[in-house]
Amino acid sequence: MKLVIINYGAGNIKSIQFAFKRLGIEAILSNDPDEILAADKIIFPGVGEASSAMAMLHSSGLNKLIPTLKQPVLGICLGMQLLCESTEEGNTKGLGIFRTKVKRFTNDVKVPQMGWNVIKDLKSDLFSGIKENEYMYLVHSYYAEHCDETIAKTDYGINYASALQHNNFYGVQFHPEKSSLAGAKILQNFLDL
């Protein structure tokens, strides 16, 4: 299987690469359109600030390529948020795959949300074998609002979409690569889609 992690300068891609290596898959880091198009599965990571990450996608032309992909794509953390219509972070327009907006947590809660929290109302093959209220590791100051594409929910001052799916595009707000055995199972499920 050819697994490509999109390398556009905004991701903690080493930990994702190691997570797949533990599953027996050598993930390729690439920003080459031909290599991305030839992949069986694609990871779209993201760590950092939305507007600068989006600027990097625009400068490489990946903002045009990503929405056209037909194979399974998994957006992680900021990667998921950039697949939404827009985010309040840097007042940034997203790629528009998921029909929802990303908002900042209010100051009623500690921001960023950092650490373990549960996912529930699981609705996708991505969560095959994952039990309700399983703990996942999260680090984020912004969240995706619920929409028809919500496939997992989390509570943190507000109930928000911790995972989304639209056709071949999946997104998770949490870090499966840092979420122990359950996170590894989700990555394996993605490989098995």
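The values are calculated or read from the model by the stated rules, or taken from the named source; none is laboratory data. What you see is a predicted model; the values in this text were computed from it and never measured. All Cβ positions, glycine included, derive from the backbone under ideal geometry; neighbour counts span all protein chains shown. Surface areas here come from the heavy atoms of the whole protein model, side chains and all, with no ligands, DNA or RNA. Shrake-Rupley method; radii C 1.70, N 1.55, O 1.52, S 1.80 Å.
List of remarks:
- Extended-chain gain in nm, criterion 0.36 nm per residue less alpha-carbon gap, THR106 and GLN71: 9.0 nm
- Between SER51 and LEU181, the FRET efficiency from the beta-carbon distance, with R0 = 41 Å, is close to 0.70.
- P(r) weight above 32 Å for the chain, C-alpha pairs, percent: 6
- Inter-label distance for MET1 and GLU132, nm, one decimal - labels placed 7 Å from Cα along Cα-to-Cβ: 2.8
- Over 14 Å [Cα-Cα, the range 115-169], rounded percent: 50
- Theoretical ellipticity at 222 nm over the chain - DSSP helices of four or more residues, -39500 (n - 2.57) apiece, nearest 500: -6500 deg cm²/dmol
- Close Lys pairs in the range 58-132 (alpha-carbon distance under 14 Å; sequence gap of 8 or more, or different chains): 5.
- Distance in nm between pseudo-label sites at GLU26 and HIS58 (7 Å out along the Cβ direction from Cα): 3.7
- Note on ASP125 and ASN167: the model spin-label points, each 7 Å out from Cα along the C-beta direction, lie 1.7 nm apart.
- DSSP beta bridge pairing in the range 1-75, given as percent antiparallel to the nearest 5: 0
- Residue-normalised accessible area of the range 1-151, expressed per residue, 1.4 Å probe, Å²: 46
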